[in-house]
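Derivation of every value follows stated rules applied to the coordinates shown; laboratory data play no part. Because the structure is predicted, anything quoted here is derived from the model rather than measured. Reconstructed Cβ throughout: ideal geometry from the backbone, glycine too, with neighbour counts over all protein chains shown.
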Amino acid sequence: MRAGVRSITFFILLVFSAAGASGAQISDPLWSAAVKNASQTANWVPGDAAFLIQLVDDKGMPQETWQTWYHLSASSTGDVVLDVVRAEHNGKDTTHKEQETQKKRKNMPFTMGDNPFDPLVQDAVVARRLPDTALKNGVTCAAFDFRMKKRDATVISGTAWVDAHSGMPVEVSYGAQPLPRGVFTMTMSLLFSPAAPGQGLLSEVVLEGVGGFLFIKRNFRSTITLGGYWRRGS
């Protein structure tokens, strides 16, 4: 059961990718600025990614922990390659085992989750700016309610916060329906950090939810921390 929950979280964090459908264009200038930012940073890839996956109790205290550190680089064909640098399970070194597992994983297109600002999915997104601003990570932000329908009929919906002056993305939080098999509840948050004036790169992905099999449910929490960005194709 524990392995099942862990597999579910890896599946969501690595495979959850956006897909377009028909929808309305959004004319709000701040939303447009965030979409432009996504276009400008589309070819930037993190060089380092730290995964933390935890099974937690009802009070949020960790009961079991997996940590994996990856290095991301470009192959000779331009694909993104993930190499396991170090891995631990409850503090015990499992690097060799995880490196062998990584070799067997199916090579899939690199993605870091659904981003409603992705210029390629704007036809699938409906968004509405909320009247009040909010302070997020020390930044005064405009907030948008959004909904996006994917090609597989999954609908994600939530709130996106952008810098109220520049439109730089600051945070996105959403849920999905229907959920992947074995997941009962799930919330994903994307956090962005400034890369240059008016630009933001994804710095953290946080996933919280409840998953399991049959009648056994476990709370899980996962965090990916990203850094060391490099430009693909440069």
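Key figures
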read-out	value
Given 59/92; 59/150; 59/217; 36/136; 106/150, the pairs whose alpha carbons are separated by over 26 Å	59/150
11 Å beta-carbon shell around residue 58, net charge (K/R +1, D/E -1)	+2
Efficiency of FRET between residue 63 and residue 147 - r from beta-carbon atoms, R0 45 angstrom, step 0.05	0.85
Cut-off under 5 Å, modelled amide H: who pairs with residue 195 long-range	200, 201
Neighbourhood net charge (12 Å Cβ-Cβ; Lys/Arg +1, Asp/Glu -1) for residue 188	-3
Dipole moment magnitude, nearest 20 debye, the range 163-230 about Cα centre, only Lys, Arg, Asp, Glu C-beta charged	420 debye
Rg followed by Dmax, in Å, when the range 24-173 is reduced to its Cα trace	18.8, 52
Least to most buried among 94, 133 (fewest other Cβ within 10 Å first)	133, 94
Whole-angstrom gap from the range 51-119 to the range 151-221, using each part's C-alpha centre	17 Å
Net length gained if the chain between residue 204 and residue 123 were fully extended (0.36 nm per residue, minus Cα distance)	26.6 nm
Surrounding net charge for residue 161, when Lys and Arg each add one and Asp and Glu each subtract one, Cβ distance under 12 Å	-2
R0 of 35 Å, Cβ-Cβ distance residue 136-residue 185: FRET efficiency to nearest 0.05	0.90
